Amino acid sequence: MKANEILLLGREIEDLMLESDGELTDDIMAKIQILDAELPQTLDRYAFVIDYLKSQESWLKDQANHFASKAKTVGRSVANLRERIAYLMESIGESKVKSMAHNYSLRETTSIDLRMEDLDGETMQNLMTLGLVVYESVVKTDKTKLKEWAKAQEHLPEYVVLNHKKSVNIR
């Protein structure tokens, strides 16, 4: 018996009970026995589907973790290869190289950050007032604003760190 048939039978029993003023007639008892006999099998079918779907969910999560890990590894490989190209170009003193397939150009970027352990409370409050640092459940540096602010300073405080990095563009 299908789930919708069980529901219809249940409604039919309910209607018959209302008609008989709550009395359990032979007709109602016969329908309840049909329901009792069919319900366990139907529920077992649902349980089978639930078990199957739970195993599918677990397998899919495992696959997602596997592919996420693989993607990170591939991403690290790409970054390492780019760093190697930049190192080779820098070693021979070339900032631009043209080949049949690609144009390579060396560029230098600068990132900025704060050494939080070197900040005192007053300095932290000043940086927050300037909008350079925001407090979400942890303190986060707005690096874009911090970089703009740093450009306007004559001397940078010791807690501001500039990280220079060379990377390569491949076109």
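Taking the Cα centre of the chain as the origin, how large is its charge dipole in debye, to the nearest 20, when only Lys and Arg (+1) and Asp and Glu (-1) carry charge on their Cβ atoms?
On the way: 23 positive and 29 negative charges, 516 e Å.
Roughly 2480 debye, rounded to the nearest 20.
Think of the chain as a dipole: +1 on every Lys or Arg Cβ, -1 on every Asp or Glu Cβ, centred on the Cα centre; then among Met128, Pro40, Ser77, Ser77 lies furthest on the positive end.
The calculated 222 nm mean residue ellipticity attributable to helices in the chain amounts to -21000 deg cm²/dmol, summing -39500 (n - 2.57) over DSSP H runs of n ≥ 4 and dividing by all residues. Dividing the C-alpha radius of gyration of the range 96-170 by 2.2 N^0.38 Å, with N its residue count, gives 1.50. Of the labelled figures [x] 23.2; [y] 13.6; [z] 9.3, only one reflects mean projected area of the Cα convex hull in nm² as derived from the coordinates, namely [x]. When the Cα positions of His102, Gln153, Ile112 are compared along the charge dipole of the range 96-170, His102 comes out farthest toward the positive end, with charges on each C-beta of Lys, Arg, Asp and Glu.
A short reminder: the numbers here are calculations on the coordinates, not readings from a lab. Values in this document were obtained by computation on a predicted structure and should not be read as measured data. When we count neighbours, we look across all protein chains shown, and the Cβ atoms used for this are built from the backbone with ideal geometry, even at glycine.
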